[in-house]
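Chemist: First, the structure itself, so that you have it in front of you.
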């Protein structure tokens, strides 16, 4: 399974802080793979609309998530504020992983 994550916009949008992230889940330990799958399942990722209905707020971030699990490939775009707690948890986990990746560079 591959997860691609991109973050755009925000009050002080800095290109270096919003570099795209790709997670190749099959290379992760089994517990980490299960954690990502659980986040996606709780967020009901593959059944979500392609783009949320909320209009983007000024200075809000927009997130694009693409997941390819071999059987399904889906891309969704989400604007802040994120009302769904499960989707918010998924995006928070992706943002944390992106921050960790930037720190390792």
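The values are calculated or read from the model by the stated rules, or taken from the named source; none is laboratory data. Quick caveat, the model's predicted, so the values are computed rather than measured. Here the Cβ positions follow ideal geometry from the backbone for every residue, glycine too, while neighbour counts run over all protein chains shown.
Chemist: Can you name the residue in region 66-75 that is surrounded by fewer than 15 Cβ atoms within 10 Å (Cβ to Cβ), assigned to a loop (DSSP other than H, G, I, E, B) and touching a residue at least 12 places away in the same chain (Cβ under 8 Å) and, of all such residues, is farthest from the chain's Cα centre (by Cα)?
Modeler: Here is the first cut: in region 66-75, the ones surrounded by fewer than 15 Cβ atoms within 10 Å (Cβ to Cβ) are 68, 70-73, 75.
In the following step, the residues that additionally are assigned to a loop (DSSP other than H, G, I, E, B) were identified as 70-72.
Those left that are additionally touching a residue at least 12 places away in the same chain (Cβ under 8 Å): 70, 72.
Working: 70: 18, 72: 16 Å.
Looking at residues that are surrounded by fewer than 15 Cβ atoms within 10 Å (Cβ to Cβ), assigned to a loop (DSSP other than H, G, I, E, B) and touching a residue at least 12 places away in the same chain (Cβ under 8 Å), I get 70.
Chemist: Check region 48-55 and report whether any residue there is modelled with pLDDT of 90 or more and out of contact with any helix residue (DSSP H, G or I) (no Cβ under 7 Å at 6 or more places or on another chain).
Modeler: First, the residues of region 48-55 that are modelled with pLDDT of 90 or more: 48.
Restricting the remaining residues to those that are out of contact with any helix residue (DSSP H, G or I) (no Cβ under 7 Å at 6 or more places or on another chain) gives 48.
Yes, because at least one residue in region 48-55 is modelled with pLDDT of 90 or more and out of contact with any helix residue (DSSP H, G or I) (no Cβ under 7 Å at 6 or more places or on another chain).
Here's the yes/no breakdown for (1) part of a helix (DSSP H, G or I); (2) modelled with pLDDT of 90 or more; (3) surrounded by fewer than 14 Cβ atoms within 10 Å (Cβ to Cβ):
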residue	(1), (2), (3)
40	yes, yes, no
46	yes, yes, no
64	no, yes, no
77	no, yes, no
86	yes, yes, no
90	yes, yes, no
93	yes, yes, no
97	yes, yes, no
100	yes, no, yes
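Chemist: Collect the residues in region 46-72 that are within 21 Å of residue 23 (Cβ to Cβ) and touching a strand residue (DSSP E or B) at 6+ places or on another chain (Cβ under 7 Å), keeping them in residue-number order.
Modeler: 46, 48, 50, 61, 62, 63, 64, 65, 66, 67, 68
Chemist: Out of (1) part of a strand (DSSP E or B); (2) under 26 Å from residue 103 (Cβ atoms); (3) at pLDDT 95 or above, the odd one out for residue 34 is which?
Modeler: That leaves (1) as the condition not met.
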